[in-house]
Amino acid sequence: MTTPTETTGRVPAPDTVPVPKAAPSSRPRLWRRVTDAPLSFLMPFLLVYALFLIWPLLSGLWMSFTDVSLNGAGGAFVGAANYAEALGDPMVWRTLGNTFLFTVVTTVPLVAVALAMAVLVHTGMPGQWLWRLSFFMPFLLPVATVALVWNFLYIEDFGLFNQALRAFGMEGLGWLTDDDVALWSVALTTVWWTVGFNFLLYLAALQSIPDHLYEAAALDGAGAWARLRHITVPQLRNITVVVVLLQILASLKIFDQIYLMTGGGPGDSSRSLLLYIYDMGFTGYRFGYSAAVSYLFLAIVLLVAVVQLWLTTRRKA
Amino acid sequence: MTTQTLTTRGRTDRSGATRATRRAEQARARARQRDLVLGGGRGPRVAAVTILVVLASLWLLPMLWGLITSFKAEQDAVALPLTLLPESGFTLDQYRGLFAAGNVQQWMFNSLLVAVLVTVSTLAVAAPAAFAMSRMDFRGRSALMILTIAAIVVPPQLLIVPLFQQMVSLNLVDTYAAVILPQLVMPIIVFILKRFFDAVPRELDEAARIDGASYWRLFTTVILPLSRPILAAAAIFVFISAWNNYLWPFIITTDPALMTLPVGIPNILDSYGTFYAAQLASSMVAAAPMIVVFVLFQRHIVRSVATTGITGQ
């Protein structure tokens, strides 16, 4: 016989709920006000984010309008000069081109290979832990380990890869020393290193496909290929959108493995925009200019994110 | 008739289930899964196994080759033509040299300290904030939520220049605090926890509030205990990214005594020159803790990636 109460939950129902009056009033009223205030929950969050996210974002924006350098010298306001210079800087366009190329050549295999791995593992073959270990383990490795191991494999004269190529009667490649190859070698390493993350996302999504779809297909006499094409792939469309979105944003941020494997070389053939920003700031000592290029890059990343968001919401509607 | 046999076949008598019958049941479930996806034919099954084995071998090969080489003497590591079995036998010399000469032990301690502190502090910052955004009414709540989501897109690498200058002016360069503090900004974790809290039924809040519980009490005695799985998943995710973080610790530490393992390892190699076997031994040492973590927490890690990644939806 409960009367409908307001959703605020403030209306007490005296007959049904025994209210222990003693418990709350035994505590000081001030304490009660603190433990009920939103601010006491938000304080650490607001503090950390203000200090280490908002403040650097704002001070970076200010720096981008000055000529401040690493040692704190300079700092005069130069207006939009840094931005104007950045737009006319061929290295900005060169490294941006490298970044886009890297993003394209990694995103495609990082989605396709991950999907293939997940579908194959999902077929219920024995040895599940071994497949998971093989495909996902590299993702957990520190970038320093990945770079050192792959640099060793890529060595021209006695590296494993060139030895294998020569064993098949082919020419060895200058994996990290040839202008035309270096960026692709870093991309190959990246695919090996990070595919496991997408693989697990796909594996989780596969487990939520209802069995009855496959059972219906079995009644219709659909074979393995038809099941893959007409059930598995369409059912994975939503997660594929997510994986592509996350992957593009991740690939645009390429830095660590290039820095450790090629240093951006040979020449500037594998230099990414983030690497250029880092070089400008920490070896060129031009913090202001580096910050300006950072903000141009942030604008690009935000643009990509907004376009992707717009595309996904439009598709759902 | 057929549907009935399908459903009853999967179930066995719980009380009499020994390990052998459970294993047989698992095998049957796998076979059923396989027939569902592949259609039961022999051809697709052989093809699937073949591709799986080839892919897994390709993916295991680089690490295995690195591991094998790290047990070789230097002249065998760079020998031509390559042989799997080194001429002078396998040796532990590279590892002995590393632990005797380098700062490896110190770096491992630093990595562990930093990763644990980052994990605990990140959750301590994110969980109450996520609770407030999910459960409490205050002005600017939706604005705060939008800012948090926008922060997910900002690449942390972009902030290194102003962050570095901030640390210089605060006199924090080459301190643990400087390594740890900026890593606590993890909007994705706030977002994930908020989404999980949102799914906890409101009736629980109302019952607790009527009983006179404060929000703080509700948070610590009702919501947090219910959220253990997502907290564990988030903790693993934060721990892995903190352990493997390279760029920020690399920039903010110049003192070898303060470096983390991923930063120290490539650093040591300058002094080693091009001794590849030693390099590979050091990279195996850097990788070992993560491999142990994976073997111990495999199931949690899988779930952690699944939940943290899917939130992009």
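The values are calculated or read from the model by the stated rules, or taken from the named source; none is laboratory data. A quick note: this is a predicted structure, and the numbers were derived from the prediction, not measured. Here Cβ is always computed from backbone atoms with ideal geometry, including for glycine, and neighbour counts include all displayed protein chains. Areas reflect the complete protein model, heavy atoms only, side chains present, ligands, DNA and RNA absent. Shrake-Rupley method; radii C 1.70, N 1.55, O 1.52, S 1.80 Å.
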Problem - Mean-position separation - Cα centroids, segment A:242-303 and segment A:95-149, in angstrom - result: 22
Completion exercise
Treating only Lys and Arg (+1) and Asp and Glu (-1) as charged, each at its beta carbon, one finds that segment B:48-164 has a dipole about its Cα centre, in Debye to the nearest 20, of 660
Exercise for the section: Please give the total accessible area that chains A and B bury against each other, computed with a 1.4 Å probe and expressed in Å² to the nearest 100. Expected result: 9300
Practice task
List every DSSP H helix in chain B whose Cα atoms extend 15 Å or more along the helix's own long axis and whose mean Kyte-Doolittle hydropathy is at least -1.0.
Solution key: B:42-70, B:104-135, B:141-153, B:187-198, B:228-244, B:261-272, B:276-310
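Taking a ≥ b ≥ c as the square roots of the eigenvalues of the Cα gyration tensor of segment A:247-317, is the shape rounded (a/c under 1.5), prolate (a/b larger than b/c) or oblate?
It comes out oblate by the Cα gyration axes.
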Fill in the blank from the handout: Cα-based Rg then Dmax for segment A:30-152, in Å, read 24.4, 66
Completion exercise
In whole percent, the fraction of accessible protein surface over segment A:110-149 that belongs to carbon or sulfur atoms, probe radius 1.4 Å, stands at 84
Practice task
Would you mind getting the accessible area per residue of segment A:169-254, heavy atoms of the protein chains only, 1.4 Å probe, in Å²?
Solution key: 45
Handout entry: A:LEU130, A:LEU206, ranked by accessible area, largest first (probe 1.4 Å)
Key = A:LEU130, A:LEU206
Completion exercise
Answer in debye to the nearest 20: the dipole magnitude of chain B about its Cα centre, from +1 Lys/Arg and -1 Asp/Glu charges placed on Cβ, is 1780
Problem - Share of pairwise Cα separations in segment B:176-230, more than 15 Å, in percent - result: 58
Exercise for the section: Compare each residue of segment A:198-234 in its chain alone against the assembly with all protein chains, and report those whose accessible area goes down by 30 Å² or more; 1.4 Å probe, heavy atoms. Expected result: A:LEU200, A:LEU201, A:ALA204, A:ASP211, A:TYR214, A:GLU215, A:ALA224, A:ARG227
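Compute the convex hull volume of the Cα atoms of segment A:143-268, divide it by the residue count, and report the result per residue in Å³ as a whole number.
Hull volume over Cα atoms, normalised by residue count, gives 143 Å³.
Just the number: Rg to Rh for segment A:223-286, Cα atoms, Kirkwood Rh, two decimals.
1.32
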Practice task
Would you please state the base-10 log of I(q)/I(0) at q = 0.12, 0.14, 0.21, 0.23 1/Å for segment B:124-253, with intensities from the Debye formula using one equal scatterer on every alpha carbon?
Solution key: -0.58, -0.74, -1.21, -1.33
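Counting partner chain Cβ atoms within 10 Å of every residue's Cβ in B:109-122, what's the average?
Per-residue shielding by partner chains comes out at 0.
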Fill in the blank from the handout: Heads up, chain B by the C-alpha gyration tensor (a ≥ b ≥ c square roots of eigenvalues; a/c under 1.5 rounded, else a/b over b/c prolate, else oblate) looks oblate
Fill in the blank from the handout: A student applying the Cα gyration tensor rule (rounded when a/c is under 1.5; otherwise prolate if a/b is larger than b/c, oblate if not) would label the protein assembly as shown oblate
Fill in the blank from the handout: chain A, Gaussian network, Cα under 10 Å: of A:TYR49, A:TYR289, A:TYR278, the residue fluctuating most is A:TYR49
Exercise for the section: Can you find, among B:GLN75, B:LEU226, B:MET136, the residue farthest towards the positive end of the dipole of chain B? Put +1 on the C-beta of Lys and Arg, -1 on that of Asp and Glu. Expected result: B:LEU226
Completion exercise
Measuring from its Cα centre, the protein assembly as shown shows a charge dipole (+1 at each Lys and Arg Cβ, -1 at each Asp and Glu Cβ) which, in debye to the nearest 20, is 2880
Exercise for the section: Could you do me a favour and compute the accessible area per residue for segment B:30-118, 1.4 Å probe, result in Å²? Expected result: 53
Problem - Listed residues A:LEU140, A:LEU51, A:LEU296, most fluctuating in chain A (Gaussian network, C-alpha, under 10 Å) - result: A:LEU51
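Under the definition of Cα pairs under 8 Å and six or more residues apart, what whole-number percent is the relative contact order of chain A? Display every interim value, and only then the final one.
Values: 302 pairs, mean separation 84.9, N = 317.
It comes to 27 percent, rounded to a whole number.
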Exercise for the section: Using a 10 angstrom cutoff on alpha carbons, build the Gaussian network for chain A and name the most mobile of A:THR194, A:THR232, A:THR262. Expected result: A:THR232
Practice task
In whole Å, largest first, what are the principal axis extents of the Cα atoms in chain A?
Solution key: 89, 74, 38
Handout entry: Shielded residues, segment B:55-85 - accessible-area loss of 10 Å² or more between chain alone and all protein chains, probe 1.4 Å
Key = B:LEU55, B:ALA56, B:TRP59, B:LEU60, B:LEU61, B:PRO62, B:MET63, B:TRP65, B:ALA77, B:VAL78, B:LEU80, B:LEU82
